[in-house]
Each structure stands twice: as C-alpha cells, then as structure tokens.
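Shown below is the structure under consideration.
Where a number appears in this text, it was derived from the coordinates with a stated rule and is not lab data. Keep in mind that what you see is a predicted model, and the values were worked out from it rather than measured. Quick reminder, even Gly has a Cβ in these numbers, built from the backbone with ideal geometry, and neighbours come from all protein chains shown.
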Amino acid sequence: MPPSAQALRNGPVYGIHLCMHTTSFEVKTRDRDDFVDITSQVAGAVRDSGIREGAVTVYVPHTTAGVTINENADPSVVHDIIAALDTAVPWRQGFYRHGEGNSAAHVKSSLMGCNTCIPVRGGSMALGTWQGVYFCEFDGPRTRRVIVTITGG
Ligand code: ZN
C-alpha cells in the first residue's frame, strides 16, 4: 500500500529524517577458534556514515562464525570465553551427524549469534567503557566478511 499523504506529512512534523548506510569489511582470522576485535572498523563505519543518532547493526553472513560484545581490556576474558565454549561444545561428539565435520563450529555460531546492535549517540557507538565488538571465528583460519548497517539521522 502506498504511504498516505497524511503519513508523508507526518515526517516533517516530527522532524524525522532517517538515513541508512551499509558497508562491509573483511576479517582475517588466525586460528580455528579466534576472536578478532573489530571495534575500530565498526566505529569507522559509524563515523563515515555521518549519522549522529540511531543504531548500528553488525552482521556476520556466516554459519560457523559469530559476533559478540565483551570486555576488550583484559585479553584473558576472550581466552576464557573461547575455552569455555570449547569445553561446552567439543569438536568431536559421538552424536554429531553433519557430514562436514564442523558441527561444533555451527553450534558455537548459533550460541554467539550472527548479529549485534549498538546505539549510536552523538556520532559514535554508545559502548560501555570496557566493551569491544568481537568477530568470533569457530572454523578458521579464514577470510570472513562483516556487514555494518547504520540507521538514524
Ligand atoms: Zn558445516
């Protein structure tokens, strides 16, 4: 259904002008399980978009990788997350059926999720002091892709 004239008039009434910017970048991972800090690339995409208020979605178009937000001050945290995931989801299990042999990577991918969303305020991500955005590799090393969409005004 086409937008009504009333709906079109409502935009300027509320002063809303939404923009959407999409970009992507490559991530090279270094190990079978590897977390790569992509905070600076995402921050750069937000800056380049010119959007001041809105949100940024970080999307990973892969089934054996993910994205998460966690502490980027102490590298031991990332080590411990990878070790805990590996303990919870071992690479070999008698009940796995997937013929490719990388079921653990698929399970870890779903546990972390393939997207995250961060508020954009004043032109930059409203991350907490200790938060960083991590690309999560579970079947590397590989070259991966991350898609970043910034929506707002
Ligand atoms: Zn597979």
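Compute the angle between helix 5-14 and the longest alpha-carbon principal axis of the chain, please, reported from 0 to 90 degrees and rounded to the nearest 10.
80 degrees
Let me ask something else. As an exercise, use a Förster radius of 30 Å and the Cβ-Cβ distance of Thr57 and Val77 to find the FRET efficiency, rounded to the nearest 0.05.
Using R0 = 30 Å, I get an efficiency of 0.80.
Based only on Cα atoms, what mean projected area does the convex hull of the stretch 95-143 have, in nm²?
With every direction weighted equally, the projected area is 5.2 nm².
Taking 7 Å along the Cα-to-C-beta vector as the label spot, tell me the Asn70-Phe95 distance in nanometres, rounded to one decimal.
For the pair Asn70/Phe95, the computed spacing is 2.4 nm.
Follow-up. Tally Lys and Arg at +1 and Asp and Glu at -1 over the other residues with C-beta under 11 Å from the C-beta of Glu26: what net charge comes out?
Value of the local net charge: +4.
Can you tell me the equivalent ellipsoid semi-axes for the chain? Use √(5λ) from the Cα gyration tensor, largest first, whole Å.
35, 19, 12
Using Cα pairs under 8 angstrom and six or more residues apart, how large is the relative contact order of the chain, in percent?
49 percent
Express in nm, to one decimal, how much length is gained between Thr129 and Ser24 on full extension, taking 0.36 nm for each residue of separation and deducting their alpha carbon distance.
Length gained, Thr129 through Ser24: 35.3 nm.
Another question, if that's okay. Bin width 5 Å, alpha-carbon pairs only: give the P(r) of the stretch 50-130 as whole percents, running from 0 to the bin holding the largest distance.
3, 13, 17, 18, 18, 12, 8, 6, 3, 1, 0
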